[in-house]
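These notes are about the structure you will find just below.
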Amino acid sequence: MRFTKAALMASAVALTGFAPAFAQSVDRADTVIFDLDRTIKDPENFNWFTAGTKRMHGAHQAMWEPLFILNYTTGELDPWLASGIEANEDFTEWTMSLREGVEWSDGEAFNADDVVFTVNMVLGNEELSAREAATIRGQVASVEKVDDLTVKFMLKTGNPRFPTENFGVRIFGSFLVMPEHVWSAAENPASFAFYPPIGTGPYTYASGATNRMIWDRNDDWWGAKSGFNDLPEPQRLIWLETGGEESRAQLMATDQIDASQSVSIGTFEAVQAQNPNVIAWHDGYPYAWPDPCARQLEINTTIAPWSDPAMRKAVADIIDRNQIVNVAYEGTTVPSETMFAAYGSMAPFADAVKAAGLGLSASADVDAAKMAIEAAGYTLGSDGIYEKDGEELSVDIHVNSASTEYTRTIDVVVEQLNRAGISAKAVPVENGVFWGEVLPFGGYEMSYSWLSCGSVNEPWTSMRRYTNESVVPVGERSPGFNNTARWDSEAAAAYTETVNAMAGLAGDDPSLPGLVADAYQHLDAEMPFIPLVQAAKLLPFNTTYWTGWPTAENAYNHPAHWWGHTHQIIHNLTKAE
């Protein structure tokens, strides 16, 4: 694989129509260009509370700042807009202190009024459907202003994880506070576009289109004036839709982007061979960063024959996870043994599951799967596909087409199922359709996802996503993408009861591993989803113009630059010599 400048620029213009933006007044050497892996459906809508690409195009990385940031290296919450938060003895009340001197980019003060207004707006409007909004509604009974820089949250039940879950950018984003003086004028918060947007961050909105978003530095940023942090060095930030792995590789190899979405190891090695300034999390093999969102096969438990737990377990037995690792990931990850991310902080809980005999094997047991399928009344036809009552045993598997990681994984699974006698077919769909229509409304038989994502240092956050309290009928939106499998059996009720008993326990409570194993037996018995492999993100960074990217050796935090913690990355960037 070899890339030329002429081919690159021709493809970049054809793919994005972006060339004129590079001719604007800010030099390339003062600009950081991030890879965006999706189309911005409505570039003039910044209402993050509703579905769509309204944050990860720079809005929550550059303009909107979080209250805290979870540091994956230290495990601590780094204060940002807030300066601290404390709980009462039973974790039912939390008092948050806000940082003094914070301002919105229009000069208005950021204070407790903004926090209380935003939380109350969400509590009173279920149309604000973003996961973080749904979580606040599920946990917060009321909120009150103590003084301009102090807010008290009263919870429905005690929750020792409350700050991390809601305000700490634990996974992707966090609950973002909006300016009361702007949003209070909205007649309907669910349809309010919030355009042009403002935030407290060091960058302000400059322009946008369906394939790009541009942010320019605000030299009057509150953080620099108050001494919280220096102004970041980049004068301009651009999020550019690259159009897929081949085009992002071309752009990276020829210094036209600085931070890429995940690529395959073959692509990374080809890019690095042409441009030795390109780096990754690890300096050598496997290069990739272990993402906390382990991959899985989601199963709609309302659709026959997959409504039968025995048939779901048959699918689990057919899947050869080693082959997924070797073929789809080219050896850059490992098979999942449980639903959890394989972090050291999660080891006590994963070990409890495995000690109970509930862990998954990396290899397939096709004979056991065939016995279960035949016990359900299916016979193997002459074409190698099972059938019953004149109908083939078939399944469509929906997959997000935004990444070759996703499509290659499901291609392997489809081949394995077909070889075992299930007529399987991949159904690739565009990113917005996948997350906006297919998953939340149950519009699938099976789908590739990571919906048990959440836990990084305790088990409850991931496990509560499959409680039966989140079940809604097919065609209604699952709150916060929780239990889109619509698992609602007696086993699900027993699972829910145990998981709810875990809710008030701190992550280091000695009873927690045993409760995890007790609940997990119901997941293992009925398989509403099938863990596949640990997630691996091979994220190329370009040091031609900018250094200071996060790496395993410089792990001030992790490298997922579409998450809301990216403020830390931007503040760590320095111009390359």
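The table below lists the values:
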{"quantity": "Flag for residue 54 being over 17 Å from the mean Cα position of the chain (by Cα), closer than 23 Å to residue 262 by Cα and at pLDDT below 95", "calculated": "no"}
{"quantity": "Yes/no for residue 294 being aliphatic (A, V, I, L, M) and either over 23 Å from the mean Cα position of the chain (by Cα) or in a helix (DSSP H, G or I) (or both)", "calculated": "no"}
{"quantity": "Residue check for residue 270: within 30 Å of residue 472 (Cα to Cα), modelled with pLDDT of 95 or more and over 23 Å from the mean Cα position of the chain (by Cα)", "calculated": "no"}
{"quantity": "Residue match in segment 383-396 (condition: more than 22 Å from residue 324 (Cβ to Cβ), under 19 Å from the mean Cα position of the chain (by Cα), among the aromatic types (Phe, Trp, Tyr) and modelled with pLDDT of 95 or more)", "calculated": "no"}
{"quantity": "Residues (closer than 30 Å to residue 381 by Cβ, open to solvent by less than 10 Å² (accessible area, probe 1.4 Å), in contact with a strand residue (DSSP E or B) (Cβ under 9 Å, 6 or more places away or on another chain) and not hydrophobic (A, V, I, L, M, F, W, C)) located in segment 411-458", "calculated": "416, 421, 444, 447, 448"}
{"quantity": "Evaluation of residue 490 against (1) farther than 21 Å from residue 332 by Cα; (2) in contact (Cβ under 8 Å) with a residue 40 or more places away in the chain; (3) of a type in the set (Asp, Glu) (one fails), failing number", "calculated": "(2)"}
{"quantity": "Segment 116-163, subset modelled with pLDDT under 95 and of a type in the set (Val, Ile, Thr), residue surrounded by the most Cβ atoms within 10 Å (Cβ to Cβ)", "calculated": "135"}
{"quantity": "Qualifying residue in segment 34-45 (condition: over 30 Å from residue 166 (Cα atoms) and either modelled with pLDDT under 50 or open to solvent by 70 Å² or more (accessible area, probe 1.4 Å) (or both))", "calculated": "no"}
{"quantity": "Neighbours by Cβ (under 8 Å, 6+ apart or cross-chain): first from segment 496-515, in contact (Cβ under 8 Å) with a residue 60 or more places away in the chain; second open to solvent by 50 Å² or more (accessible area, probe 1.4 Å) and outside any loop (DSSP other than H, G, I, E, B)", "calculated": "512/348; 513/348; 513/351"}
{"quantity": "Close pairs from segment 380-400: first among the small types (Gly, Ala, Ser), partner assigned to a strand (DSSP E or B), Cβ under 9 Å, at least 6 apart", "calculated": "381/387; 381/392; 394/423; 394/424; 394/425"}
{"quantity": "One residue from 519, 552, 535 being among the small types (Gly, Ala, Ser), touching a residue at least 24 places away in the same chain (Cβ under 8 Å) and surrounded by fewer than 19 Cβ atoms within 10 Å (Cβ to Cβ)", "calculated": "552"}
{"quantity": "Residue in segment 347-367 that is surrounded by the fewest Cβ atoms within 10 Å (Cβ to Cβ), counting only those that are in a helix (DSSP H, G or I) and touching a residue at least 40 places away in the same chain (Cβ under 8 Å)", "calculated": "355"}
{"quantity": "Subset tally (residues that are in a loop (DSSP other than H, G, I, E, B) and surrounded by fewer than 22 Cβ atoms within 10 Å (Cβ to Cβ)) for segment 73-99", "calculated": "10"}
{"quantity": "Number of the condition not met by residue 370 [criteria: (1) within 23 Å of residue 451 (Cα to Cα); (2) assigned to a helix (DSSP H, G or I); (3) open to solvent by 30 Å² or more (accessible area, probe 1.4 Å)]", "calculated": "(1)"}
{"quantity": "Residue among 106, 113 that is within 28 Å of residue 229 (Cα to Cα), in a helix (DSSP H, G or I), open to solvent by 10 Å² or more (accessible area, probe 1.4 Å) and touching a residue at least 60 places away in the same chain (Cβ under 8 Å)", "calculated": "113"}
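Rundown of residues vs (1) at pLDDT 95 or above; (2) within 22 Å of the chain's Cα centre (by Cα); (3) among the hydrophobic types (A, V, I, L, M, F, W, C), yes/no style:
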site	(1), (2), (3)
202	yes, no, no
210	yes, yes, no
222	yes, no, yes
236	yes, no, no
241	yes, yes, no
255	yes, no, no
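The values are calculated or read from the model by the stated rules, or taken from the named source; none is laboratory data. Keep in mind that this is a model prediction, so the values were computed, not measured. A quick note on method: Cβ atoms are made from the backbone with ideal geometry, for glycine too, and the neighbour counts reach across all protein chains shown. Protein only, heavy atoms only, side chains kept; ligands, DNA and RNA dropped before computing areas. Shrake-Rupley method; radii C 1.70, N 1.55, O 1.52, S 1.80 Å.
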